Amino acid sequence: MNLYINDYTCGPRLAKIKVEGDKIFLGDNSCIVPVGNIKSPNKLSDGDILTIDRWGRGYRLYSNEEHNATIFMTGHCNSNCIMCPTSDKERQIDSGLPDAKLLSYIDMLPSDISHVVVTGGEPTLRVQLFLKVMKKLTDRFPHIETLLLTNGRSLSVASFFEKLKEYCPPYLCIAIPIHGDTPELHDKITRVSGSFNQTNRGIRNLLSAGIAVEIRVIVSKMNMYVLEGIAKRIIKYYPNVYTVNFIGMETRGNCAKNFSSIYIGHRQAFEAMRNAIDMLVMAGINTSIYNFPLCEVDAGYWGICRKSISPEKVRFPNECDKCAVKAECGGFFSTTLLMTKPQVSPIGPREAGICHC
Ligand code: SF4
């Protein structure tokens with residue numbers, strides 16, 4: 001829940017909000033509430049899109065300040081990865097919007113958004129709805145980059161893949177994780193037998209159809225010694241991949257539950273992935289680092305570090321206020337900061353290359 005509206009009587013609704021003085025219009029002139037009735041940790045802005053239940057509990061689906069749209073399809077997943085930031089319980093609840101509401105939400109998005117992410121759970125599980133969403137995105141946003149986050153397994157099914165090809169937006173990139181250099185390790189991490197073969201078949205299908213693929217490698221205690229092996233496989237089998245991203249873990253859900261068997265600190269993770277990154281870069285493959293604070297990465301790699309943690313989740317320890325690169329730093333997930341209490345090393349102006357001479 002992002003907000004709560006006191007004395008709410010307008011019933012469940014999807015609402016694009018309009019702020020006028022001390023009043024907020026929730027979708028139309030029939031539902032106006034005083035600003036003071038809304039209890040929200042984050043300020044609402046004109047153009048935000050909310051879903052509100054009958055009790056006045058609201059969730060922000062779209063923030064007009066960010067201009068990026070997230071389309072959450074379902075909490076369900078057909079894998080149960082050992083380091084997933086979602087918990088077993090969250091995966092069992094279907095927390096996605098009903099079909100009609102989700103499609104209306106896409107209709108309500110402004111036409112000038114800059115980026116769309118389709119995610120879950122496993123977003124392809126609601127097959128018919130997923131295809132309708134792809135078609136709608138193609139019709140409404142033909143020039144916008146769309147990122148689909150999936151485990152890629154369903155893309156190994158020929159009939160489904162053919163439909164996706166028919167409906168997918170022109171600027172679609174599909175991000176798929178590879179967890180190991182062997183089927184045994186990958187399947188041990190996803191906890192689904194056969195998932196490695198399905199995922200790799202899905203990647204091959206996409207690349208042969210000319211659809212952009214991002215391969216994600218979530219670095220953990222379980223795969224830290226095989227990252228070079230993963231890089232070698234990518235170079236050998238998928239040299240035309242769009243990009244490869246090495247990802248730091250978010251310690252919530254399964255990741256928090258299995259913390260001692262999978263978690264490694266950012267510095268240890270960086271040391272483990274350095275050679276794999278070098279190999280990919282030398283092979284001409286665009287490679288980046290997500291979810292890592294800069295002081296845990298050698299300065300020579302800062303150029304490929306991305307500020308990838310969403311604004312509502314990113315946090316910094318107090319010592320970071322002394323750091324010359326805080327504005328460029330990706331910081332920590334709030335849960336990771338709470339659970340691991342990391343020691344940070346603020347960067348001075350000289351190290352940061354900021355000269356005051
Ligand atoms: S000290 Fe803080 S702001 Fe600076 S690089 Fe480290 S985590 Fe980032």
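The values are calculated or read from the model by the stated rules, or taken from the named source; none is laboratory data. Since the structure is predicted, the reported quantities are computational estimates derived from the model, not experimental observations. Cβ atoms come from the backbone with ideal geometry, glycine included; neighbour counts cover every protein chain shown. SASA here: full protein model, heavy atoms, side chains in, ligands and nucleic acids out. Shrake-Rupley method; radii C 1.70, N 1.55, O 1.52, S 1.80 Å.
Structure data summary
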item	result
Magnitude of the charge dipole, the range 200-309, Cβ model with Lys/Arg +1 and Asp/Glu -1, debye to 20	380
Helix-only [θ]222 nm of the chain, DSSP H runs n ≥ 4, -39500 (n - 2.57) each, per residue, nearest 500	-8500 deg cm²/dmol
Amide H contacts of Y62 (H built 1.01 Å from N, under 5 Å, at least 5 apart or other chain)	I49
Cα Rg, Dmax (largest Cα-Cα span) when computed across the range 40-190, Å	16.3, 50
Protein-only accessible surface order, largest first, of I354, I230, I38 at 1.4 Å	I354, I38, I230
Accessible area of the range 162-269 divided out per residue, in Å², using a probe of 1.4 angstrom	42
Overall form of the range 3-58 per C-alpha gyration tensor (a/c, 1.5; a/b vs b/c)	rounded
Percent of Cα-Cα distances greater than 23 Å, calculated over the range 7-125	37
Accessible surface of the range 66-290 [probe 1.4 Å, protein heavy atoms]: carbon and sulfur percent	53
Solvent-accessible surface (1.4 angstrom probe) belonging to K341, in square angstrom, nearest 10	140
The range 66-290: relative contact order as a whole-number percent, Cα under 8 Å and 6+ apart	21
Charge dipole (the chain, unit charges on Cβ, about Cα centre) - positive-most of L294, S220, T335	S220
Listed residues M222, M73 arranged by accessible area, highest first, probe 1.4 Å	M222, M73
Largest-first ordering by accessible area, 1.4 Å probe, given options K257, K136, K232	K257, K232, K136
Exposure of I247 as accessible area (Å², to 10), given a probe of 1.4 Å and all protein chains	20
Calculated from backbone phi, Karplus (6.51, -1.76, 1.60) coupling profile of the range 227-241 in Hz, x at Gly/Pro	5, 5, x, 5, 4, 4, 4, 4, 5, 6, 9, 10, x, 9, 5
Reach of K39 by Cα under 15 Å, taken over aspartates and glutamates that are not fewer than 8 positions away in the same chain	D7, D22, D53
All-pairs alpha carbon distance profile, the chain, 10 Å steps from 0, percent	5, 22, 30, 27, 13, 3, 0
Cβ-derived FRET efficiency at R0 45 Å, N80 paired with E351, nearest 0.05	0.60
